[in-house]
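Undergrad: Please read through the structure below; I'll follow up with questions.
The values are calculated or read from the model by the stated rules, or taken from the named source; none is laboratory data. The structure presented is a predicted model; accordingly, all values stated were derived computationally and were not measured. Don't worry about glycine lacking a Cβ; one is built from the backbone with ideal geometry, like all the others, and counts go over all protein chains shown. Ligands, DNA and RNA are excluded from the accessible area calculation, which covers all protein heavy atoms including side chains. Shrake-Rupley method; radii C 1.70, N 1.55, O 1.52, S 1.80 Å.
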Amino acid sequence: MATLQSTITFKQRKRTCLGNKNKANIENENILNIDCAVQKRRVSKNSLTDDDCSPPKISKTKSITKDQNRDNVIDGAHNLLQPLTSRESEIEFLDSFLTENLDEENSASLYISGQPGTGKTASLSYILQLEKFKKGFKQIYINCTMVKSAASIYGRFCKELQLKTSGTSEKACLNAIEKYLTKEHKMILLVLDEIDQLDSKRQSVLYTIFEWPALPDSRIVLIGIANALDLTERTLPRLQARCSLRPLTLHFAPYTKQQIINIFTKVLANQDNTNVFSPPALQMLAAKIAAVSGDMRRALDIGRRVIELAKRSKFAEHKSVDTIMNDSTVTVELKQVLEVLNDVYGGSRKIDTDVEEGMPMQQKLILCSLLLMLTKGKNKEIVMGKLHDVYKKVAASRNIAALDMSEMSGACALLEARGALRVGAGASRARRLRLNWDQAELAAALADKPLLSAILANSNVLS
């Protein structure tokens, strides 16, 4: 968690094939200081006791005024880390929840839900960088997509706590953890991202983890993050029977049209490109993203592609190189937004045109690698890590410098903005990919290029 990048710029890249290394926290770049009605929310001291069996759910519809002079927080890489815009209420809830339990040295649990691109991990990342939480908690972050099995989470937790165990078995690790929690120790903050990956027989692992805060003097605050809104209620019904085990819940709803507009406006303002989108174009883009997913990361990826299209269209109208160099202004019009949205979300896709004109070579190599895996590989489930391994072999076979893992993830995000791929959530190497374009049509478009055709004909790279 601490290594997550805090900012990402919204600007045009001359080499779009390089992708964006900081995509994970793409909304962190800018914050609009919008005055909101004062609606202070605090976590009740008795919210986890038997006297109150209804822990509150937080809704983003309630806004919270933030201190305009809040101190800047610098992460380990010396980057300015700011709270996400339009997530003030959720950030305030997290701050209140952690502050209260830290001050009173109480154990507690919290389940955070929300679809990809809604700012769950980014908001928590901001909160955990606050000095009071860095000093007050021993912070442990584990992405559950990276553990080999559900029960192996115990061994990972032991490693983070630097505990000595009587053996390497899962039972030995669990015994060491529970013994440690009953002794005097610093407050622990355990964050489990993609916690739904710890699915096991009868959900024994998840039940065990959520029972840790109920142990006497355990001094542990557990935060689980996943996409599903009702995971703790649907998958772990026994937790609902005991109020001492029932976690608080915090939901990150998809971004609304106005919130997407606010984020775009601020991002563009920081780049002195406030007028790059015409009002109807920005309204259409925000309305479509909000209606389909509310995913801000995808919205910004699509925004970049629209601006690239606008630049190509504008420069194509000029004959003089001097005119192009002296005129850097670009205005995105409604027709260009509609063209990109039509490619991404449906309608007639001109795959051969995309491959011929607007797609960098590195993205073409990624698509070739994906096609090789789909047509000649034994495993039809495409995982980002395996795709990167095949892609590196494909690039090496053509004497082309390969992108590293983070750069390829950024390139895949741009392909997703084109509508070519669908990239799932999770850690970068563990993400699953799906080809959205018609496989036969894409193969035909790539086969028209001698270099790409030779790659598709060579299945040795899969060995």
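Undergrad: Tell me, yes or no, whether the stretch 160-169 has at least one residue that is of a type in the set (S, T, N, Q), open to solvent by less than 20 Å² (accessible area, probe 1.4 Å) and either farther than 24 Å from E233 by Cβ or part of a helix (DSSP H, G or I) (or both). Don't jump to the end; show me each part of the working.
TA: Taking the stretch 160-169 and keeping what is of a type in the set (S, T, N, Q), we get 162, 165-166, 168-169.
Those still in the list that are open to solvent by less than 20 Å² (accessible area, probe 1.4 Å) too: none.
No, the conditions are met nowhere in the stretch 160-169.
Undergrad: Also: Which condition number does L215 fail, the rest of (1) over 23 Å from L415 (Cα atoms); (2) modelled with pLDDT of 90 or more; (3) crowded, with 17+ Cβ neighbours inside 10 Å being met?
TA: Going through the list (1) over 23 Å from L415 (Cα atoms); (2) modelled with pLDDT of 90 or more; (3) crowded, with 17+ Cβ neighbours inside 10 Å, L215 breaks only (3).
Undergrad: Any residue at all in the stretch 344-355 that is at pLDDT 75 or above and surrounded by 16 or more Cβ atoms within 10 Å (Cβ to Cβ)?
TA: yes
Undergrad: Let me ask another. Mind checking which residues of the stretch 242-254 are over 15 Å from S109 (Cβ atoms) and not in a loop (DSSP other than H, G, I, E, B)?
TA: H251, F252
Undergrad: Among the residues in the stretch 308-323, are any small (G, A, S), at pLDDT 85 or above and in a helix (DSSP H, G or I)?
TA: Taking the stretch 308-323 and keeping what is small (G, A, S), we get 310, 313, 316, 320.
Among the residues that remain, those that are also at pLDDT 85 or above are: none.
Looking through the stretch 308-323, none of the residues is small (G, A, S), at pLDDT 85 or above and in a helix (DSSP H, G or I).
Undergrad: Output the residues belonging to the stretch 110-148 that are open to solvent by 10 Å² or more (accessible area, probe 1.4 Å), touching a residue at least 40 places away in the same chain (Cβ under 8 Å) and more than 22 Å from the chain's Cα centre (by Cα).
TA: Taking the stretch 110-148 first, the residues open to solvent by 10 Å² or more (accessible area, probe 1.4 Å) are 115-116, 120-121, 129-132, 134-136, 138-139, 141, 143, 145-148.
After this cut, where a residue has to be touching a residue at least 40 places away in the same chain (Cβ under 8 Å) as well, the list is 115-116, 120-121, 129-131, 136, 138-139, 141, 143, 145-147.
Of everything in the stretch 110-148, those that are open to solvent by 10 Å² or more (accessible area, probe 1.4 Å), touching a residue at least 40 places away in the same chain (Cβ under 8 Å) and more than 22 Å from the chain's Cα centre (by Cα) turn out to be E131, G136, K138.
Undergrad: Within the stretch 191-232, count every residue that is more than 25 Å from the chain's Cα centre (by Cα) and outside any helix (DSSP H, G or I).
TA: Within the stretch 191-232, residues that are more than 25 Å from the chain's Cα centre (by Cα) and outside any helix (DSSP H, G or I) number 6.
Undergrad: What's the number of the condition V267 fails, among (1) over 20 Å from S86 (Cα atoms); (2) at pLDDT below 85; (3) not small (G, A, S)?
TA: (1)
Undergrad: If I filter the stretch 407-428 for residues that are open to solvent by 30 Å² or more (accessible area, probe 1.4 Å), modelled with pLDDT of 80 or more and closer than 30 Å to K148 by Cβ, do I get at least one hit?
TA: yes
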